[in-house]
Amino acid sequence: MYFTDRGIEELAQRRGDEEVSFEWLADQLRTFVDLNPEFETSVDRLATWLARLDDELDDDED
């Protein structure tokens, strides 16, 4: 297990039954980066990856 899995597991346990919009998630990511600018690149990479998930699926069908 990666160290980061602890946070992911906590998120799933504490908030796993909630539904949120991507707009809400984007706002939370912006707030996080405002408070923790050293993580800007990582958050940007995660957001880009999430935004392009369907593109990867489309590429696999070709």
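Read-outs: derived from the displayed coordinates by stated rules, not from any lab. As the structure is a computational prediction, the values presented were derived from the model and not from experiment. Every residue, glycine among them, receives a Cβ derived from its backbone with ideal geometry; neighbour counts consider all protein chains shown.
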| remark: For the pair residue 36 and residue 5, the simple spin-label estimate (label points 7 Å beyond Cα toward Cβ) gives in nm 2.0
| query | From the square roots a ≥ b ≥ c of the eigenvalues of the alpha-carbon gyration tensor of region 1-48, which class results: rounded (a/c under 1.5), prolate (a/b over b/c), or oblate? | reply | oblate
